[in-house]
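A short write-up of the structure that comes next.
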Amino acid sequence: MEPKQIVIVGAGFGGVAVAESLASLPNCQITMIDRRNFHLFQPLLYQVAMAGLNPSDITVPLRSLFRDQKNIQVIMGDVNRLDFTGQTVTFGETSRPFDYLVLACGSKHGYFGNEHWEEFAPGLKSLEQAIEIRSRILTAFELAEIETDPEIQKQLLTFVVVGGGPTGVEIAGAIAEITANTLVKDFQTADLNQVSVILVEGGSRVLSAFPRTLSAVAQKDLESLGVEVRTQVFASELSKEGLRLGDEYVKARTIIWAAGVSPSELNDQVPGPKDSAGRISVTPDLSLLNHKNIFVIGDQAIVIDEKGFSLPGVAPVAVQEGHFVGQTIRADFSGKARGEFKYFDKGIMATIGRSKAVVSTMGFNFSGFFAWLTWVFVHVVYLMRFRNRVFVMMQWSWSYFTFGHGARLITNKDWRFYRPDQKEKN
């Protein structure tokens, strides 16, 4: 009997969970396709952007991850076509047939129809974006060090973070902390008292998914770090010079986007109903209507919980969905009935800064140092490999006791930039 072909598109939390759940399943061949050759631990991506961790600390090569799983082949490719009638996926000029297809491609930042803003305000969804943000922040300080015009120096030292969710809160707090605790020791002529960090949120409070008491604590902690929090304000007119916040135009050379997401472009090729954001509606077993062998999970799908709310696009949801899909495919192989996906909510957490965090879990809400320790423990435990855990703990311990950020490197320039002949042309 020919083995069943199971194709997984995307090596994020959901895709990896599916593959791991199908380990040792007989009579199947799994193909995992991703445009990168590594799995990214996205919850700590902001730490790379803020020079707290190195890229290798939060990534693991896919071939290393699945080295001992004999029923899987990893392919680095960019899927550009889905054929549901012929049951094939195409990446580049190559097509692969499937008996089961799992779409777990994640999401990207959405700019509410203003995609040209991305040039001026990168989001934080990929390792490349994290390195770009880190370079923009550090470059702003380097340029401020040699800038003699006070007005331009002020623009260089103004940082605006758009979006008051966990990512925006963590980035804003980290910029304020690295300025006060680390960079202030590195620069002699730049007036770091001019540094302004502005966090913008269109809603009435930051961390709107958290209980109101924790939102208030988070805002107070941010303000204690020197972050200016502006709520019920919308960003517009983004450019390389700055942006408009409500009725005020703010001159800022560094803008970071942490507001709104949009699903993978592949969603346009998937039939069936979608929500206003473009996420795909799925059946209770996470398969497509009229396509029981095709599953959509993670940020690509809209899944309604028992209370009638859509599940958030966070890692725990994707992991649980991935394991469920893996078990569902196993059930099909065994001739058993499929179940319905039910999400077990373990809670939410966000860190604001050194010894500052908020946690809401299992009916308990707490903040401060213990919440921060909880945040550290959970994130270290969920890192994919033992090596990563050790290196992250070493980096965090060093940073905690020395106030140092060892990854303060500007590394996103083309190598040709440093050739003398190219400098002359520039």
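The values are calculated or read from the model by the stated rules, or taken from the named source; none is laboratory data. Predicted model only: the values in this text are computed from it and were never measured. When we count neighbours, we look across all protein chains shown, and the Cβ atoms used for this are built from the backbone with ideal geometry, even at glycine.
State whether the residues of the range 285-297 include one that is under 27 Å from I175 (Cα atoms), crowded, with 18+ Cβ neighbours inside 10 Å, of a type in the set (F, W, Y) and touching a residue at least 12 places away in the same chain (Cβ under 8 Å). Don't jump to the end; show me each part of the working.
The initial filter retains those residues of the range 285-297 that are under 27 Å from I175 (Cα atoms), namely none.
No.
Could you grab me the full set of residues in the range 146-181 that are under 14 Å from G52 (Cα atoms) and surrounded by fewer than 19 Cβ atoms within 10 Å (Cβ to Cβ)?
Result: N181, single match.
Please go through the range 299-338 and pick out each residue that is in contact with a Ser or Thr (Cβ under 8 Å, 6 or more places away or on another chain) and in a loop (DSSP other than H, G, I, E, B).
V303, G313, R338
Any residue at all in the range 314-326 that is at positive phi and over 20 Å from the mean Cα position of the chain (by Cα)? Let's see the steps before the verdict.
Of the residues in the range 314-326, the ones at positive phi are none.
There is no residue in the range 314-326 that is at positive phi and over 20 Å from the mean Cα position of the chain (by Cα).
For the range 62-84, enumerate the residues that are acidic (D, E) and in a loop (DSSP other than H, G, I, E, B).
Filtering the range 62-84 for residues acidic (D, E) gives 68, 78, 83.
Result: D68, D78.
Can you tell me which condition V319 does not meet? The list is (1) surrounded by 18 or more Cβ atoms within 10 Å (Cβ to Cβ); (2) at pLDDT below 95; (3) of a type in the set (A, V, I, L, M, F, W, C), and all the others hold.
Every condition holds for V319 apart from (2).
Wholly within the range 1-40, which strands (runs of 3 or more DSSP E) include no fewer than the required count, namely at least 1 residues that are of a type in the set (V, I, T)? Walk me through how you get there before you give the answer.
Details: elements: 4-9, 28-34, 38-40.
Where strands (runs of 3 or more DSSP E) fall fully within the range 1-40 and carry at least 1 residues being of a type in the set (V, I, T), they are 4-9, 28-34.
With respect to F210, is the statement that it is among the hydrophobic types (A, V, I, L, M, F, W, C) and surrounded by fewer than 16 Cβ atoms within 10 Å (Cβ to Cβ) true? Give the steps one after another, and end with the answer.
Details: among the hydrophobic types (A, V, I, L, M, F, W, C): yes; surrounded by fewer than 16 Cβ atoms within 10 Å (Cβ to Cβ): no.
Answer is no for this residue.
Tell me, which residue of the range 220-229 that is part of a strand (DSSP E or B) and under 23 Å from the mean Cα position of the chain (by Cα) is farthest from E201 (Cα to Cα)?
We begin by selecting, within the range 220-229, every residue part of a strand (DSSP E or B); these are 227-229.
So of that shortlist, the ones also under 23 Å from the mean Cα position of the chain (by Cα) come out as 227, 229.
Working: V227: 13, V229: 8 Å.
Step by step, filter the range 220-229, then rank; the result is V227.
Looking only at the range 85-119, count every residue that is of a type outside the set (A, V, I, L, M), assigned to a loop (DSSP other than H, G, I, E, B) and surrounded by 18 or more Cβ atoms within 10 Å (Cβ to Cβ) and tell me the total.
Kept after step one, since they are of a type outside the set (A, V, I, L, M), are these residues of the range 85-119: 85-88, 90-100, 105-119.
When the remaining residues are screened for being assigned to a loop (DSSP other than H, G, I, E, B), the result is 85-87, 92-93, 98-99, 105-106, 110-114.
Keeping just the survivors that are surrounded by 18 or more Cβ atoms within 10 Å (Cβ to Cβ) gives 87, 98, 105-106, 110-111.
Residues in the range 85-119 being of a type outside the set (A, V, I, L, M), assigned to a loop (DSSP other than H, G, I, E, B) and surrounded by 18 or more Cβ atoms within 10 Å (Cβ to Cβ): 6 in total.
Which of the residues spanning the range 243-269 are in a strand (DSSP E or B), modelled with pLDDT of 95 or more and under 21 Å from T167 (Cβ atoms)? Don't jump to the end; show me each part of the working.
The first filter runs over the range 243-269 and keeps only residues in a strand (DSSP E or B), leaving 243-245, 248-251, 254-257, 261-263.
Within this subset, residues satisfying the condition of being modelled with pLDDT of 95 or more are 243-245, 248-251, 254-257.
Those that are in a strand (DSSP E or B), modelled with pLDDT of 95 or more and under 21 Å from T167 (Cβ atoms): L243, L245, V250, T254, I255, I256, W257.
Looking at (1) touching a residue at least 12 places away in the same chain (Cβ under 8 Å); (2) surrounded by fewer than 23 Cβ atoms within 10 Å (Cβ to Cβ), which one does G14 not meet, given that it meets all the others?
Of (1) touching a residue at least 12 places away in the same chain (Cβ under 8 Å); (2) surrounded by fewer than 23 Cβ atoms within 10 Å (Cβ to Cβ), only one is false for G14: (2).
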